[in-house]
Amino acid sequence: ISYFGGKIRKKSFCLIFILIATLFSGCVFASAREELKNEKRYMQSRSDEIIRCFDEKDADGLKSMFCLNDQSNPYLKEEIENAFSRYEGTSVSYEHFDVGTSGGTDYGVCVDKHFSAEIRDIVTTADSTYEIVYGEYMIYKADEKEIGIVFITLVDSNGEIVAKIGWDE
């Protein structure tokens, strides 16, 4: 009887362990899903703000979105103005597309989190079509002055790069 009772205890323990593990993983997955939704909302709002800056030719607004290292670049404002001069009209429609988020951890602590995104099929009042590709660090423990947008590329309807902002070459 004790052997049989031992099997029941083991089965009960296993069932309880599986139940707890399932509940815990469900919470972890729910948390990860919520974080992913928040990241997508953040990227969408960043894309909307970039479009606003291009539409309104708001160089100071766009510059403020860049990381501090890029903001201290004396040529950043010139690069922004150059991109604005090549962007004809104001946006009528566009589509946000996030390329992806990646990063790294150090002993379970996030030390690097960055993403790339595209704003596709930007149609303007000048009947021009563009794409804007950009990258941003959300977390970068190695150099916190890199947090923010680190590059923007303006591409025309032929797939040609017409302007680069914040690229180190």
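Worth pointing out:
- Remark on region 117-169: ratio of C-alpha radius of gyration to 2.2 N^0.38 Å is 1.36.
- Estimated inter-spin distance, SER93 and SER157, nm [label 7 Å along Cα→Cβ]: 1.4 nm
- Label point distance in nm, MET138-ASP106, each placed 7 Å from Cα along Cα→Cβ: 2.0 nm
- Taking 18 Å as the limit for the C-alpha separation, the pairs LYS37/LYS141; LYS37/LYS57; LYS40/LYS77; LYS77/LYS164 exceed it in the case of LYS37/LYS141; LYS37/LYS57; LYS40/LYS77.
Read-outs throughout are calculated quantities, based only on the coordinates presented, and are distinct from any laboratory measurement. Here the structure is a predicted model, which is why all the values come from computation and not from measurement. Heads up, the Cβs are rebuilt from the backbone with ideal geometry, glycines too, and the neighbour counts pull from every protein chain shown.
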